[in-house]
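S.K.: Encoded as structure tokens, here's the structure I'll be asking about.
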Amino acid sequence: MNILHTSDWHIGKRLMDRERLPEQIAALEEIARICDEREVDLVLVAGDVYDTYMPSAEAEEAFFHAVKRIAGKRRAVVLVSGNHDDGVRLGAAAPLAAEEGIYLFGAGRDVMPVGGTRGVRAVASGEGYVVIGDEKGDRVYLNALPYPNEARLKEEKSDEGYTDKLRRWIARGEAGFSGGMPHILLSHLFVAGGSTSESERDIDLGGARAVPLSLFAGFDYVALGHLHKPQKLGGTVRYSGSLLQYSFDEQENKQVVLLRTAGEQIVSMEEIALSSGKKLVRLEEEDPDRAVALLRRYEGAWIELTLRLKAPLTSQETQALRAANEGLVSLIVRTQGESAAPAVRRSALSPKELFAEYYRSVYGEPPADELTQAFLGLLEEGV
């Protein structure tokens with residue numbers, strides 16, 4: 001059986017004020033083509049299909065069209081919700097989706113419908129697991145653990161620590177496994193030692209919600225989502241990475257992972273690069289005129305430009321920079337003396353500081369005091 005692992009589509013995610021839905025749709029179509037060309041039987045989606053709990057109608061339409069296209073006429077798709085997804089809402093479509101070969105594990109404790117006439121389908125299921133089989137009799141056991149959000153963590157009152165609770169939930173999803181087939185865990189978790197990027201929100205970097213690799217002992221493959229940089233932790237634990245570059249520090253190529261099984265074993269793992277979507281490029285320059293020439297060399301990319309200058313930009317220079325490349329989404333101006341200041345994570349900045357940073361990145365100068373006060377007033381009113 002050929003199995004494709006993907007994650008972190010973040011359908012509906014924007015880059016500042018720029019729309020990226022067309023890029024996301026194109027990348028999902030590329031995945032569908034890969035599935036057709038490489039004769040994929042089963043697709044694993046490891047969470048964060050949307051970027052927000054309340055996606056737009058356009059984002060939902062893009063998701064349903066894409067996942068149906070990926071499933072095709074005989075392929076199965078198994079999906080768990082991530083921290084950006086509303087698991088209950090996503091799982092509400094499970095009865096209808098299963099008829100199209102799409103199995104949605106939304107909020108935990110899900111049991112999938114089994115049987116049907118599709119070539120690749122669920123042949124057995126219980127709480128938190130599904131067995132996928134094909135026409136030849138090949139089988140794969142999937143332990144499916146959606147992102148353990150706060151609501152789910154609190155619903156079971158116990159004195160267990162986070163890792164112990166997850167260990168128990170994973171054990172619950174093992175109830176139907178008795179060997180004889182490849183054994184896979186599909187989830188959306190932060191593993192200690194994983195490499196993060198700027199586009200990931202609400203990841204527990206302090207360590208309280210980081211799980212050890214030892215949690216995954218016994219699995220032939222662990223298909224994870226959450227971290228946007230493709231990476232392998234240990235021999236069998238993998239993050240496939242996000243669909244597109246979603247922050248300027250994600251310079252690696254995006255990819256999916258293709259597994260091949262034979263009997264009880266996974267016999268090969270192959271990384272397949274994705275080519276869809278604009279590149280995100282970080283540039284630096286010390287002269288506005290040279291910066292204009294530099295920007296023109298990166299047509300078709302999204303650009304963050306940092307200028308290190310001796311004097312502030314003039315309005316004419318700012319206009320020339322923005323006219324040089326419509327993909328310039330962030331203009332950061334550091335005048336002499338500012339560059340020595342240490343970088344501060346945005347999560348540590350106050351609303352006033354965040355507003356000033358954003359305004360400076362767009363207009364190349366700090367906001368007037370009256371504008372800042374107006375912004376803070378609107379913030380207090382909850383507008």
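S.K.: Of the residues in the stretch 170-180, how many are in a helix (DSSP H, G or I) and in contact with an Asp or Glu (Cβ under 9 Å, 6 or more places away or on another chain)?
M.R.: Looking only at that region, the number is 1.
S.K.: For G137, work out the one condition from (1) in contact with an Asp or Glu (Cβ under 9 Å, 6 or more places away or on another chain); (2) closer than 27 Å to R75 by Cα it doesn't fulfil.
M.R.: All conditions pass for G137, except number (1).
S.K.: So which residues in the stretch 287-339 are polar (S, T, N, Q), in a loop (DSSP other than H, G, I, E, B) and within 33 Å of the chain's Cα centre (by Cα), if there are any at all?
M.R.: N325, S339
S.K.: Which one of S197, S158, S242 is closer than 30 Å to N2 by Cβ, among the polar types (S, T, N, Q) and at pLDDT below 95? Walk me through it before giving the result.
M.R.: Numbers: S158 fails: closer than 30 Å to N2 by Cβ; S242 fails: at pLDDT below 95.
The unique qualifying residue is S197.
S.K.: Filter the stretch 106-153 down to the residues that are aliphatic (A, V, I, L, M) and touching a residue at least 60 places away in the same chain (Cβ under 8 Å), then identify the one that is surrounded by the fewest Cβ atoms within 10 Å (Cβ to Cβ).
M.R.: Looking at residues that are aliphatic (A, V, I, L, M) and touching a residue at least 60 places away in the same chain (Cβ under 8 Å), I get L145.
S.K.: Next question. Could you tell me whether A57 is assigned by TED's automatic domain parsing to the domain that holds H183 and touching a Gly at 6+ places or on another chain (Cβ under 6 Å)?
M.R.: no
S.K.: Are there any pairs with C-beta distances below 6 angstrom linking a residue in the stretch 1-24 that is at pLDDT 95 or above and crowded, with 24+ Cβ neighbours inside 10 Å to a residue that is among the aromatic types (F, W, Y) and in a loop (DSSP other than H, G, I, E, B), with the two at least 6 apart or on different chains, and if so which?
M.R.: none
S.K.: Now for a different question. Step by step: first the residues of the stretch 275-286, then only those that are in contact with a strand residue (DSSP E or B) (Cβ under 6 Å, 6 or more places away or on another chain) and assigned to a loop (DSSP other than H, G, I, E, B), then the one that is surrounded by the fewest Cβ atoms within 10 Å (Cβ to Cβ). Which residue is that?
M.R.: Once the filter is applied, the top-ranked residue is E286.
S.K.: Still on this structure, I have one more. Look through R69, R109, R74 and report the one residue that is at pLDDT 95 or above and either acidic (D, E) or over 22 Å from Q24 (Cβ atoms) (or both).
M.R.: Testing whether each residue is at pLDDT 95 or above and either acidic (D, E) or over 22 Å from Q24 (Cβ atoms) (or both) leaves just R74.
S.K.: Here is a follow-up. Under 9 Å between Cβ atoms, at least 6 apart or on separate chains: pull out the pairs that start in the stretch 48-61 with a residue that is more than 9 Å from K13 (Cα to Cα) and end on any residue that is modelled with pLDDT under 95 and assigned to a helix (DSSP H, G or I).
M.R.: Every condition considered, the pairs that remain are V49/L90; Y53/R89; M54/R89.
S.K.: Could you pull out the residue among D86, D36 that is surrounded by fewer than 23 Cβ atoms within 10 Å (Cβ to Cβ) and touching a Phe, Trp or Tyr at 6+ places or on another chain (Cβ under 6 Å)?
M.R.: On inspection, the qualifying residue turns out to be D86.
S.K.: Considering R334, R290, R296, R360, which residue is touching a Pro at 6+ places or on another chain (Cβ under 7 Å) and either surrounded by 16 or more Cβ atoms within 10 Å (Cβ to Cβ) or modelled with pLDDT of 95 or more (or both)?
M.R.: Going through R334, R290, R296, R360 in turn, the sole match is R360.
The values are calculated or read from the model by the stated rules, or taken from the named source; none is laboratory data. Fair warning: this is a prediction, and the values are worked out from it, not measured in the lab. Neighbour counts are summed over all protein chains in view; Cβ atoms, including those assigned to glycine, are modelled from backbone coordinates with ideal geometry.
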